[in-house]
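Down below is the structure, laid out as structure tokens.
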Protein chains: 2
Amino acid sequence: MTAAKPTREGSAHKRAAILGAARGLFLAEGFDRTSVDAIALRAGVSKRTLYDYFGDKQALLIAVVDHAADSLMAAIRRTMAETLTEVTDLHAALLDFSLRIATETFGSVDYLALMRLVTNESGHLPQLRDTLMTNAPEEAIAARLAEFGRQGALDVPNPRVAADHLVALTFLLAINSLGSTISADDPRLRSILDEGVRAFLRAYAPRPRAAL
Amino acid sequence: MTAAKPTREGSAHKRAAILGAARGLFLAEGFDRTSVDAIALRAGVSKRTLYDYFGDKQALLIAVVDHAADSLMAAIRRTMAETLTEVTDLHAALLDFSLRIATETFGSVDYLALMRLVTNESGHLPQLRDTLMTNAPEEAIAARLAEFGRQGALDVPNPRVAADHLVALTFLLAINSLGSTISADDPRLRSILDEGVRAFLRAYAPRPRAAL
DNA sequence: GCTTAACTACACTGCACGGTGTAGTGTAGA
DNA sequence: TCTACACTACACCGTGCAGTGTAGTTAAGC
């Protein structure tokens with residue numbers, strides 16, 4: 001799924017170093033402001049090797065986003081399995097989930113920052129559009145919300161919309177209010193996520209059928 | 001409030017032309033990808049004049065954002081006065097408000113796109129931070145929501161949080177789902193705003209005190 | 001020791017772009 | 001007509017940077 005142009009496909013270690021360096025610099029400086037020389041320097045790799053591995057600065061960006069998407073999906077699946085099993089206290093479960101996803105190693109916040117970067121900074125990369133237009137994270141969350149709906153813990157006639165709303169009330173709002181650099185222990189982050197989850201549950205709490 | 005470096009302060013018409021051209025190109029291509037020559041060409045002005053007016057590419061960006069913020073605030077105030085007066089049908093009123101703000105001449109969507117651009121593309125402009133960190137739009141909306149709360153039409157213990165949630169469920173979600181280029185008649189936009197307003201009202205509808 | 005492959009160091013090209021300096025043009029007022 | 005001004009057209013500079021070509025180094029396998 002990854003592997004943009006691994007012309008030589010050398011040691012995975014070097015590949016990871018390059019991806020990590022590129023991700024960090026792209027997030028901190030933006031795509032255009034990040035020079036390939038800086039990435040190579042930070043990765044401890046010669047510029048030539050970088051080009052042999054990825055072929056192109058744009059291809060490197062695609063690889064970074066691809067890798068981030070995979071990481072995020074893995075984190076979501078793992079965290080969901082660990083936090084979103086209980087139906088007893090949905091607020092605690094959803095808040096735990098949001099907090100962990102937001103702050104976990106390369107969580108959704110960095111992912112969203114990358115998305116913004118891609119969407120705004122280079123709005124003309126057909127390859128990227130394909131990669132990131134899958135909305136896999138939202139779909140995964142939607143599936144879980146649908147499950148809660150089936151169990152009667154939520155009222156979600158349209159799970160995908162509900163998932164979008166949950167994401168908007170938590171991650172989207174967090175990254176919009178705070179910058180792209182969010183520290184895990186920032187009290188504002190916890191506050192935003194908490195309020196967001198609260199509002200989400202108020203909007204999607206099961207209500208007596210007669211009320212409508 | 002505007003006026004970054006109007007070294008010469010010539011005809012307001014030329015100034016507006018430059019601002020408009022810059023805004024359009026910044027939104028379409030991003031800040032770094034937009035050359036000053038392109039802006040001058042599109043504005044029908046010599047590059048030299050552009051520099052005489054604004055002094056600097058960064059100063060031009062600041063002026064653009066400043067102007068956008070002013071426009072948006074004016075639009076919000078005007079539209080709020082025209083749509084958010086009725087308490088009878090809050091859903092219709094809020095949806096109308098959202099739709100008009102989102103699609104109006106330089107609505108919140110473009111504003112948010114500019115914010116993203118600024119935040120991500122050049123994360124090191126102290127001047128810009130000051131300009132856009134006011135959160136004036138959210139504050140204005142919060143004030144109106146508080147008013148609704150006083151009238152018993154909504155249950156908003158914390159108006160500012162409620163305003164953030166409304167914005168997240170509508171504009172933020174819209175710009176995140178659709179690109180920065182949103183046509184006013186895109187049915188998806190209306191759908192997103194409608195669902196967002198619905199969820200917001202479910203979350204902030206007045207509820208019997210006994211229920212909690 | 002020899003070959004092969006991965007990699008580095010480094011020089012180099014081409015280009016795009018931000019910003020400046022200036023000569024010249026059109027225009028309005030005295 | 002002269003002056004002042006706003007503006008254009010254009011040439012120009014410096015620089016940063018993507019991408020390439022290559023000679024040389026290291027290490028592994030034979």
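Observations
Per-residue answers, yes or no, for (1) at pLDDT 95 or above; (2) crowded, with 17+ Cβ neighbours inside 10 Å; (3) away from chain A (no Cβ under 14 Å); (4) away from DNA strand D (no atom under 12 Å from the Cβ):
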{"site": "B:Met1", "(1), (2), (3), (4)": "no, no, yes, yes"}
{"site": "B:Pro6", "(1), (2), (3), (4)": "no, no, yes, no"}
{"site": "B:Ala12", "(1), (2), (3), (4)": "no, no, yes, no"}
{"site": "B:Leu19", "(1), (2), (3), (4)": "yes, yes, yes, yes"}
{"site": "B:Ser35", "(1), (2), (3), (4)": "yes, no, no, no"}
{"site": "B:Leu41", "(1), (2), (3), (4)": "yes, no, yes, no"}
{"site": "B:Leu50", "(1), (2), (3), (4)": "yes, yes, yes, no"}
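- Considering segment B:169-209, the residues that are among the small types (Gly, Ala, Ser), touching a residue at least 24 places away in the same chain (Cβ under 8 Å) and out of contact with any His (no Cβ under 8 Å at 6 or more places or on another chain) include one that is farthest from B:Phe26 (Cα to Cα), namely B:Ala205.
- Pairs, first closer than 11 Å to B:Ala174 by Cβ and without any contact (Cβ under 8 Å) to a residue 40 or more places away in the chain in segment B:107-118, second open to solvent by less than 10 Å² (accessible area, probe 1.4 Å) and not small (Gly, Ala, Ser), C-beta under 8 Å, six or more apart: B:Gly107/B:Leu72; B:Gly107/B:Ile101
- Among residues of segment A:138-156 being assigned to a helix (DSSP H, G or I) and open to solvent by 40 Å² or more (accessible area, probe 1.4 Å), the one that is nearest to the other protein chains (Cβ to nearest Cβ) is A:Glu139.
- Subset of segment A:196-210 (residues that are buried (at least 20 other Cβ atoms within 10 Å of the Cβ) and at the interface with chain B (Cβ under 8 Å from one of its Cβ atoms)): A:Gly196, A:Ala199, A:Phe200, A:Ala203, A:Tyr204
- Checking each residue in segment A:159-189 for being within 12 Å of chain B (Cβ to nearest Cβ) and farther than 22 Å from A:Ala81 by Cα picks out A:Leu172, A:Leu173, A:Ala174, A:Ile175, A:Asn176, A:Ser177, A:Leu178, A:Gly179, A:Ser180, A:Thr181, A:Arg188.
- Candidates in segment A:157-180 are the residues that are in a loop (DSSP other than H, G, I, E, B) and over 13 Å from the mean Cα position of the chain (by Cα); of these, the one that is nearest to B:Val167 (Cα to Cα) is A:Leu178.
- Boolean, B:Phe31 is aromatic (Phe, Trp, Tyr), within 16 Å of DNA strand D (Cβ to nearest atom) and crowded, with 16+ Cβ neighbours inside 10 Å: yes
- Hits in segment A:65-83 - residues which are open to solvent by 10 Å² or more (accessible area, probe 1.4 Å) and not hydroxyl-bearing (Ser, Thr, Tyr): A:Asp66, A:His67, A:Ala69, A:Asp70, A:Met73, A:Ala74, A:Arg77, A:Arg78, A:Met80, A:Ala81, A:Glu82
The values are calculated or read from the model by the stated rules, or taken from the named source; none is laboratory data. Everything numeric in this text was worked out from a predicted model, so none of it was measured. Glycine also receives a Cβ, built like all others from the backbone with ideal geometry; neighbour counts cover every protein chain displayed. Ligands, DNA and RNA are stripped out before the accessible areas are found, and what is left, the full protein with its side chains, is counted by its heavy atoms. Shrake-Rupley method; radii C 1.70, N 1.55, O 1.52, S 1.80 Å.
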